[in-house]
Amino acid sequence: MAEISGGELLLRALHAEGVRYVNAITDGTYMVFLEALERLGDEMGIRLIVPRHEAAAAHFADAYTRVTGEPAVVMACAGPGAANLLSGIICAQGEGSPVVAITTTRRSDIGDAYRHKGSTQSPDHLPLFRPAVKWNSKIEHWHRIPEMVRYAFHVATSGHPGPVHLLIPEDVLAARGEESQAPVWTNAVRRLTARPPADPELVRQAARMLVEAQLVNVHAGGGAQRAGAGDEVLALAEHLGSPITNTVSARGIVPEDHPLFFAPLCMASFMAHQQADVVLAIGTRIGELSMWGQPPLWGDPSRQKLIQIDSEPTNIGLNRPATIPLVGDAKVVLGQLLEEVRRLTPRREPHPALAQLRTVQEQWQAELDEQVADRERSPMLTGQILQVCNEFFPDEAIVALDGGNTTMWAMHYIRPRRQRSVLYTSNMGYLGTGLPYAIGAKIAAPERPVYCVTGDSAFGFNIQELETAVRNDLPVVVIVAVDNAYGMEKSAQKRVFGREADWFGQDLAPVRYDKVAEAMGCHGEYVERAADLPAALERAVASGKPAVIHAAVDPEANVNPPGLWLWNAARSGKM
């Protein structure tokens, strides 16, 4: 029988899981794997994406999973590579992204067990990664590679998705053995791919509760987004004539110009939460940014019933009592519910309460529009950037949002119209994910326009990945809202001290980000007025290159974005 190296075995195991991209900075500890990838990658349809920093590679993978709904792979080398990777994996954990992280160590005879003797680059990866992942383990023999990879993908994608970690010593990858001793299973018998339904009797009970309710609030979270359940959310709400709300991690799950939809930070959304006698919560724990599902932004739990759908049983009833728990995949369970509801009642007219909610939202929208109406002003407002992007980019575009106050503006002014089209770290609030998320999204969906709106502070965290975008021919457009400061820190200083505290060092030295981008081979633009932004976007897209638009924004206005009061209330726990 033919012999096979551990490196090739790993590649074949990844191929069996449907992996198309491996995000990794090349390193000697897994050169045997890279040799196999060079030899067999084209045949298997697997491509290597080399970033400039391992954390960015994890963000690439995170974004890929959210756009495609499939797991993604990132690798890092012994010691510093793994340490760099860890921060990106923690971010993926917070967002529930099934990223499979593979790190390597030096060979076993000088690895982490012997670091007290002075071996270099030999930290103990397992305890470092354990708090950041659902599961991790070390592979100590080459023939265990296929089964450990299978299990890693199974854990990453089961229940509440999340990252996992495999540790492989260099000598295990280099070891060789007979291929028949380490079978790689085909897709037909690999990890569970069927989406689990909920208990049919509980579904029937929930359907009756929805049909008998006075007012239902259909409320979607990140789990519904991950499941790709947007069509089912919309179909059920339309059949019941119910208002739809969502968390900030589910932006775009239904078109935000739909008449049943009410934006997450609008008072109309809170009114829907308060007035409904039944809330159908889909893929959300109803956490901190939703004020834990408690009054006054929600109804009294003793009177307001909750039907909660989640793939992870421990999320059910976590922050408020669940009247009916439905454990299963959001898309499948909503399909079950829709079938039962259709059996019990014909399609209903929109609920009368929607008229009042619509009036409130329209007034809210008019006030927002008035703030950004003057597109000749210089410098511009961050909200104007989002408003122009809404008009310029087509419905299928993907947007990556990044920064502190920049994302606060985005929560009010971006208007997504497709599910899996908004990438943002709502749970971790990571700075620097915007550009890597945009790159990961473009890798996942090269046919779709991808743009990023980021603050200048956030952009600085991973600005080096512009070169990665150039090298891999990934024409993303980045609009940098430049206020030359850590703007949200100024907001926090005013909240805590009643003034800015300059000695905190929140002001940045002036940087022309368009010029930095040009030096890296990108297209660059500089604008100070929103009126000039559409033409700059036209030129950026026409260049066919990764592009950066330096958009100077009003630093005074940027300190107090719309909705800051709610953010402060959520952070403080006080309404």
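No value in this document is a laboratory result; all are computed from the given coordinates. None of the values given here were measured: they were computed from a predicted structure. Cβ coordinates were reconstructed from backbone atoms using ideal geometry, including for glycine residues, and neighbour counts include every protein chain displayed.
Miscellaneous remarks
- Ordering of 242-249, 308-315 by packing [mean C-beta count within 10 Å, highest first]: 242-249, 308-315
- Label positions at Gln205 and Glu70, each projected 7 Å from the Cα along the C-beta direction, are separated by 3.9 nm.
- Here the 3J(HN,Hα) profile of the range 175-185, calculated from phi with Karplus coefficients 6.51, -1.76 and 1.60 at θ = phi - 60°, is 5, 10, x, 5, 4, 5, 7, 9, x, 9, 6 Hz, Gly and Pro shown as x.
- Rel. contact order, % - alpha carbon contacts under 8 angstrom, at least six apart, the range 3-189: 28
- Local electrostatic count, Pro475, Cβ distance below 13 Å [Lys/Arg +1, Asp/Glu -1]: +3
- For Glu500 and Ser137, the difference between the fully extended length at 0.36 nm per residue and the C-alpha to C-alpha distance is 125.9 nm.
- Taken over the chain, lysine pairs spaced eight or more positions apart, or on distinct chains, with alpha carbons under 30 Å apart number 12.
- Shape category assigned to the chain from the gyration tensor of Cα positions, a/c cut at 1.5: oblate
- Taking amide hydrogens as placed 1.01 Å from N in the peptide plane, the amide H of Val478 sits under 5 Å from those of Cys452, Ala547, Val548, Ile549, each at least 5 positions away in sequence or on another chain.
- Over the chain, relative contact order from alpha-carbon pairs under 8 Å, at least 6 apart, %: 13
- Residue-averaged [θ]222 nm for the chain, counting only DSSP H segments that reach four residues, each worth -39500 (n - 2.57): -12000 deg cm²/dmol
- Counting Cα-Cα pairs of the range 200-357 in 10 Å increments starting at 0 gives whole-percent bin shares of 12, 48, 37, 3.
- The Cβ shell under 13 Å around Ile443 holds other residues with a net charge of +1, Lys and Arg each +1, Asp and Glu each -1.
- Counting Lys and Arg as +1 and Asp and Glu as -1 over every other residue whose Cβ lies under 14 Å from the Cβ of Phe461, the net charge comes to -3.
- Length gained on full extension, Asp473 to Trp185, computed as 0.36 nm times the residue gap minus the Cα-Cα distance: 100.3 nm.
- Highest mean packing first, where packing is the average number of other Cβ atoms within 10 Å per residue, the peptides 224-232, 527-535 line up as 224-232, 527-535.
- Considered as an equivalent ellipsoid built on the Cα gyration tensor, the range 298-378 has semi-axes of 36, 19, 16 Å, the largest given first.
- Point-charge dipole on Cβ atoms (K/R +1, D/E -1) for the chain, about Cα centre, debye to 20: 1140
- Spacing of the two label points (7 Å from each Cα toward its C-beta) at Glu370 and Ala2, in nm: 7.3
- 5 angstrom amide H check on Ile102, placed H, neighbours 5+ away: Val74, Met75, Ala76, Leu166
- Distance (nanometres) between label positions extended 7 Å along Cα→Cβ at Leu318 and Arg343: 3.1
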